[in-house]
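Note sheet for the following structure.
The values are calculated or read from the model by the stated rules, or taken from the named source; none is laboratory data. Just so we're clear, the structure is a prediction, and the values are computed from it rather than from any experiment. Note: ideal-geometry Cβ built from the backbone for every residue, glycine included; neighbour counts use all protein chains shown.
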């Protein structure tokens, strides 16, 4: 590690009200670099994803509720991948050993799977249930593995989920981005603990 970097586990205080709630949801104490990547990277990725969806042949057949679901899922996954990759979010969500808040966060995304299967795939419950099993089984496995094994196990689970979807449950081109971003956000991003914050000392500090 460079001499001017240090690891800081301290969670900054957050304000009361909705601002504090938002900070705690995103991870208190995000650095300027993290915020810039979230905003800039999120905007570029969302724009490219929007172009992919717009050019897809399925778009013309979607109703406005279906289009709204696609847009909301796209924004959530793009933002979620980047936010869950930040040291601020890692430090906040892995501040103690209790796995239930993290597993609860993962389980809340069963709504995504239900919405895709029900509204976008014509009530394809096989797709939704299969991915629910992949998601929850992988999440429990990652939580039970010792810390030094969580990252490679998460990577393996991510690859398994992606290959299963490509081989057995392929989505149309306009929706093919959902499984990789979905599992990247939750398995590789949210559930893997890492160094909480690299802080530079001196005038170059965050």
| query | Of all residues in the stretch 15-47, how many are touching a helix residue (DSSP H, G or I) at 6+ places or on another chain (Cβ under 8 Å), assigned to a loop (DSSP other than H, G, I, E, B) and modelled with pLDDT of 80 or more? | reply | 5
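Looking at 82, 5, 75, which is the one that is at pLDDT 95 or above, within 28 Å of residue 154 (Cβ to Cβ) and surrounded by fewer than 16 Cβ atoms within 10 Å (Cβ to Cβ)?
Working: 82 fails: surrounded by fewer than 16 Cβ atoms within 10 Å (Cβ to Cβ); 5 fails: at pLDDT 95 or above.
Sole residue among the options that is at pLDDT 95 or above, within 28 Å of residue 154 (Cβ to Cβ) and surrounded by fewer than 16 Cβ atoms within 10 Å (Cβ to Cβ): 75.
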| Does the stretch 47-70 contain any residue that is under 25 Å from residue 151 (Cα atoms) and without any contact (Cβ under 8 Å) to a residue 60 or more places away in the chain? | no
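Being under 26 Å from residue 28 (Cβ atoms), outside any loop (DSSP other than H, G, I, E, B) and either in contact with a helix residue (DSSP H, G or I) (Cβ under 6 Å, 6 or more places away or on another chain) or without any contact (Cβ under 8 Å) to a residue 24 or more places away in the chain (or both) is the requirement here; does residue 129 meet it? Explain how you work it out, then say what you get.
Working: under 26 Å from residue 28 (Cβ atoms): no; outside any loop (DSSP other than H, G, I, E, B): yes; either in contact with a helix residue (DSSP H, G or I) (Cβ under 6 Å, 6 or more places away or on another chain) or without any contact (Cβ under 8 Å) to a residue 24 or more places away in the chain (or both): yes.
No; evaluated as a whole, the condition is false for this residue.
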